[in-house]
Every structure is written in C-alpha cells, then in structure tokens.
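Engineer: Take a look at this one; I'll ask things after.
Every number in this text was worked out from the coordinates using simple rules, so none of it is lab data. Everything numeric in this text was worked out from a predicted model, so none of it was measured. Ideal geometry is used to build each Cβ from the backbone, glycine not excepted, and the neighbour counts take in all protein chains shown.
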Amino acid sequence: MKINPKFTIFTLIITFCIIGYYPLWGQVQPTLGGTSRMMNNALAEMEKGNFDKANAFFRQIIDSNLPIPPEMPYFFAETLFELKQYDNSANFLNKYFQISGLKGENFESAKVLETKLTGPLNAIKSCELCDRRGYRFKTCFTCDGSKQLEQDCTYCKAKGIVGCNKCMGSGLVTKKNVFNIVEYHECDKCTGEGRLTCPTCSGEKLEHSTCRTCRGVGHLQSDQICDHEPQEPRHMSYVFQKLKSH
C-alpha cells in the first residue's frame, strides 16, 4: 500500500498542534480553578460572619484580572454593606444588576439589599462630616482646620509699612515753576511721611494664604467610616484655639 506524502505531512501537523495545545490548556485550568476556590472561601467566611476576610478574598478575585463569576458582585455588595462601606456596596450592587439583570440567582435578595442601602446612603448625602463615600473628614494637620496659614508679610517684611514710591521715601517731590526753578513740595501721596501702610497686610505685619495641604477646605480624607455624629475635641486647648480663630 502506497502512502500519500501529502497526507503524512498533514497528519504530522495536526498531531503537533494537538500535543502543543493541550499542555497550554492544562496550564490555564488551575488558574480558573483558583478563582472558584477564592469565591468559595469568600462565601465560607461570609457564613462565619468574617466579612473582613471575605472582603480580602473578593478583592483577590478582582485583582486576578480573570472573568468574575456573575453572582460575585452581589455577594461582594453584601459583604461591603456589613462593613458599612455603603457607597461601594451600592456600586457593586448596580454592577450585579447590569450583569445579571432579572435572571440573577440572587435577584430578589439584591433588591432587598438595595432597599436596605437607601437609609445609609441618604445619611451620607446629608452629612457634612464625611465625603460622598461615607468616610469621615479629619482636620487638616497643617492649618488645624482654619483653611488659611498666618505668616510674616513678605511684601513689607513684617514691618507694616513700605516706602512711598512717589517721593521715594523722602516725603518731598520736586516741581519746576514758570521760571524753570525747582521747587520742593510735600508729597501728597504720603503727606510728607515718606512711607505708607503696607497694602498687602494693611499694617498688621502678617499675611494669610490658603493652606496648601488641604487646599483651603480645612480637612483631609481618611479611611474612617463616619457615624455622622460630631466628635468631642481631645484637648480643651483645641477648643480655645478654635474659638479664637472665629
């Protein structure tokens, strides 16, 4: 029996492709399996009430850059709700509705969670102590909440006065009369003083500039969940300082 050379070459190519394909396929599977294991671990921690650990597993899934299980955004939203990260919880809940819609296995539970989020989200919107994500503002450590910094006036070098630029500090100005004779007159700008009140600090010797640390808002971001309740100052000296600033 005579073997067709073209058939033999074709068979070798197909065999090589199959042999080369399966090892690569085998390498991908454990990674995908790892995502499933992380999902199962997260759910197990949720059952135990360990939402911090569940949060860590969910974030590992996101950081893996692999396809996210369709029900994962819902369970992550539940976890974030328990951790009082309400804004982030709402974001993942919306993502769940976008991915799964009415067909999601946990659609009804997701709608319940959506209702539960209404109150906390409204509290965040009406609170002046936290940002839109629900994290409490902390007082700026540079300006101590005053929004501005007080420093020596740079224009007059903390003297409160500057030389008159019309008479050059002499208090006198010259003027030629009709006979071309130079006459000396008292400077009308400084009334003969030769100096003027500093236009920058108005004679106070100090100037105020916007705090660069907080950009003039008086507070900074933090990672503390806000309870929407004002906190008592730690030291009475802080109270007196705030009253003095106002």
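Engineer: For 112, 162, what's the fewest-to-most ordering of other Cβ within 10 Å of each Cβ? Present the calculation step by step, with values, prior to reporting the outcome.
Structural biologist: Working: 112 12, 162 18.
Ranking 112, 162 by Cβ neighbours within 10 Å, fewest first, gives 112, 162.
Engineer: If you take every residue apart from residue 228 with its C-beta less than 10 Å away from the C-beta of residue 228, what net charge results, scoring Lys and Arg +1 and Asp and Glu -1? Don't skip to the answer; put the middle values down first.
Structural biologist: On the way: positive: 136; negative: 128, 227, 229.
Around residue 228, the surrounding residues sum to -2.
Engineer: Which residues does a label at residue 210 reach in region 110-148, if reach means a backbone N under 12 Å from a point 7 Å past the Cα toward the Cβ?
Structural biologist: 148
Engineer: Give me the net charge of residue 116's neighbourhood, meaning all other residues with Cβ under 15 Å from the Cβ of residue 116; Lys, Arg count +1, Asp, Glu -1. Please report the intermediate quantities before stating the final value.
Structural biologist: Numbers: positive: 84, 111; negative: 78, 82, 87, 108, 114.
Residues close to residue 116 contribute a combined charge of -3.
Engineer: Quote the relative contact order of region 151-210 in percent (integer), defining contacts as alpha-carbon pairs under 8 Å separated by 6+ residues. Could the numbers behind the result be given before it?
Structural biologist: Details: 98 pairs, mean separation 27.0, N = 60.
This gives 45 percent for region 151-210.
Engineer: Checking the table 95/116; 53/111; 176/205 against a 27 Å threshold on Cα-Cα, which pairs fail? Each step should come with its number before you reach the end.
Structural biologist: Values: 95/116 17 Å; 53/111 25 Å; 176/205 38 Å.
Over 27 Å Cα-Cα: 176/205.
Engineer: Placing unit charges on C-beta atoms (Lys and Arg positive, Asp and Glu negative, everything else neutral), compute the dipole magnitude of region 151-210 about its Cα centre in debye, rounded to 20.
Structural biologist: Values: 8 positive and 7 negative charges, 34 e Å.
In total the dipole reaches around 160 debye.
Engineer: Okay, next question. Which residues among region 54-72 fall inside the zone where the amide N is under 14 Å from a point 7 Å beyond the Cα of residue 99, along Cα→Cβ?
Structural biologist: 58-72, by backbone N distance to the label point.
Engineer: List the GluC sites (Glu not before Pro) in region 113-163 that DSSP assigns to loop (not H, G, I, E or B) and whose Cβ has at most 13 other Cβ atoms within 10 Å. Which are they?
Structural biologist: Details: sites: 114, 128, 150; in loops: 128.
Within region 113-163, the qualifying GluC sites (Glu not before Pro) (loop, at most 13 other Cβ atoms within 10 Å) are 128.
Engineer: Let me ask you something else. Checking the a/c ratio against 1.5 first, then a/b against b/c, what shape does the Cα gyration tensor give for region 93-134? Show your work: numbers first, answer last.
Structural biologist: On the way: a/c = 5.02, a/b = 2.52, b/c = 1.99.
Verdict is prolate for region 93-134.
Engineer: How charged is the neighbourhood of residue 45? Take every other residue with its Cβ under 15 Å from the Cβ of residue 45, and add Lys/Arg as +1 and Asp/Glu as -1.
Structural biologist: On the way: positive: 37, 48, 53, 59; negative: 47, 52, 78, 82.
Computed value for this residue: 0.
Engineer: Moving on. Using 0.36 nm per residue, how much length does the chain from residue 166 to residue 126 gain when fully extended, once their Cα-Cα distance is taken away?
Structural biologist: Numbers: separation 40, 0.36 × 40 = 14.40 nm, distance 5.57 nm.
Gain on stretching residue 166 to residue 126: 8.8 nm.
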